[in-house]
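Every read-out reported here was derived from the displayed coordinates using simple, explicitly stated rules and does not represent laboratory data. Note that the structure is a prediction, hence the values are computed from the model and not measured. When we count neighbours, we look across all protein chains shown, and the Cβ atoms used for this are built from the backbone with ideal geometry, even at glycine.
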């Protein structure tokens, strides 16, 4: 990638640092999309040895790029996002991917295709980490920042995403226990 192409791509991707998510940090400020992606990616790195048959470098790449569409549309919580918003985000993301050099564009397209299909172990791991990181972060934010529906959602969210893995199922259960303890403490 030529240096000018790199800078042009980074000028778009850097927007995720200022694109806030619905969730808050422990200190009370809104979490950025970039922070969410970073923590997911770190989770994938830390879990490398739990999935010896998976290409965890690919999972890391998936974690890094999965929310790039939010550079254009912002973060819309999954419980609020509709099909029209999803299509708009996808179209804008595709246009940006088309502007990247051919080999990188092809790699991103293939990663997004695999992530969408969720058939490979790598795609399943990425999608589970996406949900688990959100639950983890919610457990660290003050209850005053939670919407009423999140009291139940934080106990069930991503359960369907972890069922393929005993390890991730155990991790999900620990997060559920943390959520219940947090709610009980009020």
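Quick notes on this one:
- Span from the region 96-128 Cα centroid across to the region 1-71 one, whole angstrom: 14
- The chain: angle of helix 33-46 to the longest principal axis, Cα-based, in degrees nearest 10: 80
- Shape box of region 1-43 [Cα atoms, principal axes, largest first, Å]: 39, 21, 14
- GNM result for the chain, Cα springs below 10 Å: residue of 82, 154, 94 fluctuating most strongly: 82
- Taking the number of Cβ atoms within 10 Å of each Cβ as an exposure proxy, the fewest-first ranking of 125, 65, 183 is 183, 65, 125.
- When each of 141, 32, 105 is scored by the number of other beta-carbon atoms lying within 10 Å, the sequence from fewest to most is 105, 32, 141.
- Cβ-based exposure ranking for 164, 79, in which fewest neighbours within 10 Å come first: 79, 164
- Matching label, Rg and Dmax of the Cα atoms in Å computed from the structure shown, candidates (1) 23.0, 91; (2) 15.2, 45; (3) 16.9, 54: (3)
- The share of alpha-carbon pairs in region 59-120 lying farther apart than 17 Å comes to 42%.
- Among 153, 39, 111, residue whose mean-square fluctuation peaks in a GNM of the chain (springs only between Cα atoms under 10 Å): 153
- The chain: angle of helix 3-13 to the longest principal axis, Cα-based, in degrees nearest 10: 30
- Tail weight of P(r) past 15 Å, computed on alpha-carbon pairs of region 120-163, percent: 43
- Here the scattering of region 82-186 is modelled by Debye summation over its C-alpha atoms, one equal scatterer each and no solvent; at q = 0.13, 0.17, 0.23 Å⁻¹ the log10 of I(q)/I(0) is -0.64, -0.89, -1.13.
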